[in-house]
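Novice: Attaching a single structure in structure tokens format; questions to follow.
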Amino acid sequence: LLTVATSIFNIFRGTPLQDKFGNLVNKVLSETNSGFGFRLPNEELIQMGAGLAIAGTEWISTLLDAIADKKSLRIYYESSFSKKTSWRHVSPYLLKQYNGSWYFIGYHHESPHASKTLLYSLTNIKDVQNSAEPYIIDPQFNPQRYFKYSIGIWHSYIDEPIEVVMEFSGNPELLTQTPLHQTQQLQDGNDTNPMRVKIKVYQSEELVSLLLSYGEKLKVISPAPLVEQMKEKTATLFKYYHE
């Protein structure tokens, strides 16, 4: 377990957490090797997806402290959509890493929307300050359910997830061993009919990218808007290679 733990710690490589806790980890390993009658292997046994020194990772430690201590923060944040920057009071709930980037989910105190628990990219945070605002707990937030219908980090606050029906003509073990999504349902195919696949997810660019990654092995049957979107994407790709 300690071998696994030290490998997982590589996820934080390049972030201030490595500087903050690196010496502690080394001390624990040193005392473990000398005091328990066994030694951890020196060679690398497990490789984890290591983090990169990207913008925003300097806020990880501050956010973790706020989550653990249930304290609200005042953040100076640039909106990904409007590109406008403003101060916001937030109560952070959860940190999440995806595809090498860091995000946190938190309650936006001043949000005009009915759903005030939002996803924030750490790369868009420009400054963080302590706040005197009370920490607010959203009774509707559940970390297990929040990403239930997500591909990656996309979460929809107003749209319902869609049921995507597909035909898969590749090796069935590819989807049985590595499902497209946690909601995946499979219907066995045969020599004449390909395997039928169903997932229930939010409509997003991440979904389209995932489906395109399977190339000619995967054909979307429904819903119609997603089928049209896949046609447009594949037509654009065809044009790139036939100009």
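The values are calculated or read from the model by the stated rules, or taken from the named source; none is laboratory data. This structure is a prediction, so every number in the text was calculated from the model and none was measured. All Cβ positions, even for glycine, are placed from backbone atoms using ideal geometry, and neighbour counts span all protein chains on display. Surface accessibility is based on the protein's heavy atoms, side chains included, excluding ligands, DNA and RNA. Shrake-Rupley method; radii C 1.70, N 1.55, O 1.52, S 1.80 Å.
Novice: Consider only pairs whose beta carbons are under 8 Å apart and that are at least six residues apart or on different chains; among these, list those whose first residue lies in segment 218-243 and is among the polar types (S, T, N, Q) and whose second residue is not in a helix (DSSP H, G or I).
Specialist: The qualifying pairs are S222/E163; S222/V164; S222/V165.
Novice: Can you go through N10, N33, N42 and tell me which one is surrounded by 14 or more Cβ atoms within 10 Å (Cβ to Cβ), outside any strand (DSSP E or B) and modelled with pLDDT under 65? Spell out the reasoning first.
Specialist: On the way: N10 fails: modelled with pLDDT under 65; N42 fails: surrounded by 14 or more Cβ atoms within 10 Å (Cβ to Cβ).
When all the criteria are applied, what remains is N33.
Novice: Something else about it: Would you mention how many residues in segment 211-243 are closer than 22 Å to D159 by Cα, out of contact with any Leu (no Cβ under 7 Å at 6 or more places or on another chain) and of a type outside the set (D, E)?
Specialist: Selection size over segment 211-243: 8.
Novice: In addition: Within segment 64-105, track down each residue that is touching a Leu at 6+ places or on another chain (Cβ under 7 Å) and not β-branched (V, I, T).
Specialist: Passing the criteria: L64, A66, P92, L95, G100, W102, Y103, F104.
Novice: Look at segment 147-177 and say how many of its residues are polar (S, T, N, Q) and free of Cβ contacts under 8 Å to residues at least 40 places away in the same chain.
Specialist: Initial filter on segment 147-177 (polar (S, T, N, Q)): 150, 156, 169, 171, 176-177.
Of the ones still in play, those that are also free of Cβ contacts under 8 Å to residues at least 40 places away in the same chain are 171, 176-177.
Selection size over segment 147-177: 3.
Novice: Considering only residues that are part of a strand (DSSP E or B) and surrounded by fewer than 17 Cβ atoms within 10 Å (Cβ to Cβ), which ones fall in segment 198-220? Before the answer, list the steps.
Specialist: Restricting attention to segment 198-220, the residues satisfying the condition of being part of a strand (DSSP E or B) are 198-201, 218-220.
Across segment 198-220, the qualifying residues are K200, K219.
Novice: Identify all residues within segment 221-233 that are surrounded by 11 or more Cβ atoms within 10 Å (Cβ to Cβ) and either closer than 18 Å to V197 by Cβ or among the aliphatic types (A, V, I, L, M) (or both); write none if there are none.
Specialist: I221, S222, P223, L226, V227, Q229, M230
Novice: Being in a strand (DSSP E or B) and surrounded by fewer than 17 Cβ atoms within 10 Å (Cβ to Cβ) is the filter here, so list the residues in segment 122-133 that pass it.
Specialist: K126, D127, Q129, N130
Novice: Got a number for residues in segment 61-106 being more than 17 Å from L118 (Cα to Cα), under 17 Å from the mean Cα position of the chain (by Cα) and among the β-branched types (V, I, T)?
Specialist: 0
Novice: Taking the condition of being among the polar types (S, T, N, Q) and in a strand (DSSP E or B), how many residues in segment 93-109 meet it?
Specialist: Number of matching residues: 2.
Novice: Could you check segment 68-77 and list, in sequence order, the residues that are in contact (Cβ under 8 Å) with a residue 12 or more places away in the chain, at negative phi and open to solvent by 60 Å² or more (accessible area, probe 1.4 Å)?
Specialist: Passing the criteria: K71, R74, Y76.
Yes or no, residue by residue, for (1) in a strand (DSSP E or B); (2) closer than 24 Å to V90 by Cα; (3) open to solvent by 30 Å² or more (accessible area, probe 1.4 Å):
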site: S111; (1), (2), (3): no, yes, no
site: S115; (1), (2), (3): no, yes, yes
site: Y135; (1), (2), (3): no, yes, yes
site: F141; (1), (2), (3): no, yes, yes
site: Q144; (1), (2), (3): no, yes, yes
site: G152; (1), (2), (3): no, yes, no
site: D159; (1), (2), (3): no, yes, yes
site: E163; (1), (2), (3): yes, no, yes
site: M166; (1), (2), (3): yes, no, no
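Novice: Further question on the same structure: Tell me which residues, restricted to segment 56-74, are touching a His at 6+ places or on another chain (Cβ under 8 Å) and not in a loop (DSSP other than H, G, I, E, B).
Specialist: Answer for segment 56-74, where residues must be touching a His at 6+ places or on another chain (Cβ under 8 Å) and not in a loop (DSSP other than H, G, I, E, B): L73, R74.
Novice: Something else about it: Going residue by residue through segment 78-89, is there one that turns out to be in a helix (DSSP H, G or I) and open to solvent by 20 Å² or more (accessible area, probe 1.4 Å)? Explain how you work it out, then say what you get.
Specialist: First, pick out the residues of segment 78-89 that are in a helix (DSSP H, G or I): none.
Looking through segment 78-89, none of the residues is in a helix (DSSP H, G or I) and open to solvent by 20 Å² or more (accessible area, probe 1.4 Å).
Novice: Hey, among the residues in segment 171-197 that are open to solvent by 20 Å² or more (accessible area, probe 1.4 Å) and assigned to a strand (DSSP E or B), which one's nearest to M230 (Cα to Cα)?
Specialist: R196
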